[in-house]
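> Right, I'll just put the structure down here and ask away after.
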Amino acid sequence: MPLEPSRTVAELEELRELTGNEDGAQRVAWTETWERAREWLRGKAAETEATETIDAAGNQWFTLAGSSDRALVIGGHIDSVPNGGWLDGCLNVLAGVEVLRRIAADGKPAVTVRLVNWADEEGARFGRSLFGSSAAAGSMADQDELRQLVDAGGVALPDALADHGVDLDRALDANAELDSAAAYLELHIEQGPVLESLGLPLGVVVGTFGVERHRITWRGQAAHAGSTPMDQRRDALAGAAKLALEIRDIARRTGGGAVCTSGNVVCRPGIVTSVVETAEQLLDQRDLNPHRLAAMLAEAKAASERFAGEERIEVEWEKIWSIEPILFDDTLVGFAEEAIAEVAGSTHRLPSGPLHDAAEVSRAGVPTVMLFVQSLRGLSHTKLEDTKKEHLELSVGALDRLASKTLDWVADGGGRPADA
Ligand SMILES: [Zn+2]
């Protein structure tokens, strides 16, 4: 069966009909609609005669046995956020099915080819993203916290998992699935405006941003808005406001795609007749380079001390969460550039702001790369999410070219484990 990218677009539309409504996609993981989507995918993949297995974390695998057990893995996620788009995650999986069809039609591949539909990438119901891929990667270390998670309807996470045949205590057994993985590929919509602004259909993702997230508490003195002269105030909001503007310059000076966001400031007492006594500010900083990320954090901290001095207030920093940048494999980035050049002419290297399953697989030591296809208006996680059909078709073609190059590379001993 030759590659037919238009079939992928038709199947995406079919899935939208089956699992969406007027508000968008409703394939939230660990729900009936999600299970229906998995059942539907099972039917699509069956044509390739790939063997289906569900691992201990609920990930759905389709395996096309090759002459060698070493495996080329292509991944995606069929789960969506509530009222989600028609492409996020499922494009990856359905493009993967089309590539499997092409490979199966070419005869027994030199190495094993596996398509994985990761379970609960979005974390939409319980707030824990990358569930299945972090279990497979062996990086899931929060089972005690996961046991306590409850959805909006009061259902505990372990019970929801059990309804779909997954035992939380055994989820990490999924780690064995990556033992034979020599390389990992993932296609995804960009979910941002960069490729559209460059007029390019496709780009190569060189890695995922490292993230520094902090809570910054500013402390001044509540005082009457009418009786306190301007030069005698200790206004906590003034510190937060100065920092909110400063981080924009810090990101601009850092360049290279660095971003800083002050996502919220909560003021107390928070009334119109009082100077702000405490301002609790949230800061998110991201960059692809760990040294630049650390420098951005240090700059923001130094600036906050300066502002605290200027305003005669106090400032305190508390880390909420951080993750190192993850860089994808150089060889695979090269293959991805060739693949895009072959189907679309020009290409562009860009980092990914959001985390993806690919980041977990890469952290586990499997050579990894991602392709991004242009998102219209940079929108996702909404029913307005869209990509031009011709670009979707190009993306299937590019994934296929990339899979073909990677398969040859793995067959020649490339990838992990190199000497298996
Ligand atoms: Zn996604």
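> Could you calculate the contour length gain from Asp163 to Ser67, that is, 0.36 nm times the residue separation minus the distance between their Cα atoms, to one decimal place in nm?
30.9 nm
> Which order do Glu385, Glu277, Glu32, Glu4 take when ranked by solvent-accessible area (1.4 Å probe, heavy atoms of all protein chains), largest first? Don't skip to the answer; put the middle values down first.
Numbers: Glu385 5, Glu277 65, Glu32 155, Glu4 85 Å².
Greatest to least solvent exposure: Glu32, Glu4, Glu277, Glu385.
> Express the carbon and sulfur contribution to the solvent-accessible surface of segment 53-172 as a percent, rounded to the nearest whole number, probe 1.4 angstrom.
46
> How are the C-alpha pair distances of segment 120-231 spread across 10 Å bins, as whole percents from the shortest bin up?
Over segment 120-231, the share of Cα pairs per 10 Å bin runs 10, 27, 23, 19, 12, 8, 3, 0 percent.
> Further question: Any chance you could run the full-extension gain for Arg306 through Ala46? It's 0.36 nm times the residue separation minus the Cα-Cα distance, nm to one decimal.
So the chain would gain 87.3 nm between Arg306 and Ala46.
> A further question on this structure: Taking a ≥ b ≥ c as the square roots of the eigenvalues of the Cα gyration tensor of segment 1-133, is the shape rounded (a/c under 1.5), prolate (a/b larger than b/c) or oblate?
Numbers: a/c = 2.43, a/b = 1.48, b/c = 1.65.
The shape class here is oblate.
> Taking the Cα centre as origin and putting +1 on Lys and Arg beta-carbons and -1 on Asp and Glu beta-carbons, what dipole magnitude results for segment 326-420, to the nearest 20 debye? Don't skip to the end; give the middle numbers.
Working: 9 positive and 15 negative charges, 80 e Å.
In total the dipole reaches around 380 debye.
> Shifting gears a bit: Order of 224-231, 267-274 by packing, highest average Cβ count within 10 Å first?
267-274, 224-231
> Averaged per residue, what accessible area in Å² does segment 356-396 show with a 1.4 Å probe, protein chains only? The partial results should precede the final answer.
Values: 1390 Å² over 41 residues.
Using a 1.4 Å probe on heavy atoms only, each residue of segment 356-396 averages 34 Å².
> Among all the lysines, which ones have a C-alpha under 21 Å from Lys242's C-alpha, if same-chain residues fewer than 8 places away are not counted?
Lys242 reaches Lys301, Lys319.
> Kirkwood-based Rg over Rh for segment 29-69 (C-alpha set), two decimals? Intermediate values should be presented prior to the final figure.
Values: Rg = 11.7 Å, Rh = 11.3 Å.
Dividing the radius of gyration by the Kirkwood radius yields 1.04.
> Per DSSP H run of n ≥ 4, the term is -39500 (n - 2.57); total these for the chain, divide by its residue number, and report the mean residue ellipticity at 222 nm rounded to 500 deg cm²/dmol.
It lands at -12000 deg cm²/dmol.
> Compute the Kirkwood hydrodynamic radius of segment 279-402, taking the inverse of the mean of 1/r over all pairs of distinct Cα atoms, and give it in Å to one decimal. Walk me through the numbers before you get to the answer.
Numbers: mean 1/r = 0.0561 Å⁻¹.
Here the Kirkwood hydrodynamic radius works out to 17.8 Å.
> While we're here: So how far apart, in nm, are the two label points at Glu32 and Ser322 if each is 7 Å from Cα heading toward Cβ?
With each label placed 7 Å out from Cα toward Cβ, I get 4.6 nm.
> At a 1.4 Å probe radius, carbon and sulfur cover how many percent of the accessible area of segment 259-317?
54
> From the residues Phe372, Trp34, Gly66, which one has its Cα farthest along the dipole of the chain in the positive direction, the dipole being from +1 and -1 charges on Cβ of Lys/Arg and Asp/Glu about the Cα centre?
The listed residue farthest towards the positive side: Phe372.
> Give the distance, in whole Å, between the Cα centre of segment 259-287 and the Cα centre of segment 10-66.
What the calculation gives is 42 Å, centre to centre.
> Treating the angle as unsigned and between 0 and 90°, give the value, to the nearest 10°, between the Cα long axis of helix 236-254 and the longest Cα principal axis of the chain.
40
> Provide the per residue accessible area, probe 1.4 Å, for segment 65-166, rounded to a whole number of square angstrom.
On the way: 3090 Å² over 102 residues.
Using a 1.4 Å probe on heavy atoms only, each residue of segment 65-166 averages 30 Å².
> Which whole-angstrom value gives the distance between the alpha carbon centres of segment 387-420 and segment 310-347?
21
> Then there's this: Can you give the extra length, in nm with one decimal, that the chain gains between Ala141 and Ala341 once fully stretched, where that is 0.36 nm per residue apart less the Cα-Cα distance?
68.0 nm
> A further question follows. In what sequence, largest accessible area first, do His381, His291, His214 appear using a 1.4 Å probe?
Largest to smallest exposure gives the sequence His291, His381, His214.
> Stick to the Cα atoms of the chain, pair each with every other, and give me the Kirkwood hydrodynamic radius in Å at one decimal.
Radius from the Kirkwood sum: 22.9 Å.
The values are calculated or read from the model by the stated rules, or taken from the named source; none is laboratory data. Since the structure is predicted, the reported quantities are computational estimates derived from the model, not experimental observations. Neighbour counts are summed over all protein chains in view; Cβ atoms, including those assigned to glycine, are modelled from backbone coordinates with ideal geometry. Side chains are part of the model used for accessible areas, which takes the heavy atoms of the whole protein and leaves out ligands, DNA and RNA. Shrake-Rupley method; radii C 1.70, N 1.55, O 1.52, S 1.80 Å.
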